[in-house]
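One structure is given below, encoded as structure tokens.
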Amino acid sequence: MKAIKLTDEQLEQYSYADVANLVLEANGKKMKIQNLFEEVIKIMKLPDSFFESKIGDFFALLSTDKRFIMLEKGFWDLRVNHTHKIVIEDEEEEEELELEEEIEDIPSEDEDDTEINFDDDKVDDDDDEDDLKDLVILDESEEQDMM
């Protein structure tokens, strides 16, 4: 790991999170929170007793800072190292492909081998006649008589 040296002015301006960010960038790999905080304390020239009293605050700080991500088994790293590439497929392209496939399934006039003959004399109206055989039409006078 590269040694990180900050001027006194930078030490006054940087927060624990800023220094932790520098440490993770320089390290180039994930670190356990204890090791990361020990490195931050060392760089910021704080006493070793500071570790025990502020590790909880450091954890809370990293948890709320969007630059950091907590990994499995207590490791932390920079979020930018763990971003996923999102692929957005164009729905129009998919629809065009589906439409092309459907068009291929429709036979053209040249390919049509079947011949359909409609014979007007052979229309099957038997079903319609059966439906109407029980139909009775009443005049208004007949309707009043039935009531």
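Computed 3J(HN,Hα) for segment 52-57, one whole-Hz value per residue from the Karplus formula 6.51 cos²θ - 1.76 cosθ + 1.60 where θ = phi - 60°, is 5, 7, 10, 4, x, 5, glycine and proline marked x. Amide H contacts of LEU71: TRP76, ASP77, each under 5 Å away and 5 or more positions distant or on a separate chain (H built 1.01 Å from N in the peptide plane; Pro and chain starts excluded).
One decimal place: the segment LEU11-VAL80 gains 22.4 nm when fully extended, by the rule 0.36 nm per residue minus the C-alpha distance. The modelled label-to-label distance between ASP57 and ASP18, using points 7 Å beyond Cα along the C-beta direction, is 1.6 nm.
Rule-based calculations on the coordinates, nothing more; no lab input. What you see is a predicted model; the values in this text were computed from it and never measured. Because the Cβ atoms are built from the backbone with ideal geometry, glycine has one as well, and the counts that use them run over all protein chains shown.
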